[in-house]
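Participant: Attaching a single structure in structure tokens format; questions to follow.
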């Protein structure tokens, strides 16, 4: 898991793919906003780590979209939607 420092807006965790443009856009947007978050590139995980991440994602959707964004352990959003993300995290 990788942690990006920033302002605390709750415990934000994203399951992403290293090759996903929408995942990269979401990471860039959260960085621009200055929010602290963690992420795992699921496609780069192996063995038990991959199984654990998949099982965690399956709790929220049997057919998840990437990125899958959790806030404080609850599903916030799947996929990229700049307006939804900004409305939740861009508190100026």
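Read the figures in this text as sums done on the coordinates, not as results from a lab. Predicted model only: the values in this text are computed from it and were never measured. Virtual Cβ from ideal backbone geometry, glycine too; neighbours counted across all protein chains shown.
Participant: Output the 0 to 90 degree angle, nearest 10, between the alpha-carbon long axis of helix 47-58 and the longest principal axis computed from the alpha carbons of the chain.
Facilitator: Roughly 60 degrees, rounded to the nearest 10.
Participant: How high is the relative contact order of segment 1-81? Use alpha-carbon pairs under 8 Å, at least six apart in sequence, and give a whole percent. Provide the component values of the computation, followed by the final result.
Facilitator: Working: 134 pairs, mean separation 31.4, N = 81.
It comes to 39 percent, rounded to a whole number.
Participant: Please provide three numbers in whole Å: the alpha-carbon extents of the chain along the principal axes, with the largest listed first.
Facilitator: 41, 24, 22
Participant: With each run of n ≥ 4 DSSP H residues scored as -39500 (n - 2.57), what mean residue ellipticity at 222 nm is computed for the chain after dividing by its residue count and rounding to the nearest 500 deg cm²/dmol?
Facilitator: Numbers: 3 runs with 33 residues, N = 92.
Estimated from H runs of four or more residues: -11000 deg cm²/dmol.
Participant: Could you give the nm distance between label points at residue 62 and residue 18, where each point is 7 Å from its Cα heading toward the beta carbon?
Facilitator: 3.1 nm
Participant: What does DSSP give for segment 2-81 in terms of the percent of beta bridges that are antiparallel, rounded to the nearest 5?
Facilitator: That works out to approximately 70 percent antiparallel.
Participant: If you take the Cα Rg of segment 41-88 and divide it by 2.2 N^0.38 Å, with N the number of residues, what do you get? Show your work: numbers first, answer last.
Facilitator: Numbers: Rg = 11.8 Å, N = 48, 2.2 N^0.38 = 9.6 Å.
Segment 41-88 yields a ratio of 1.23.
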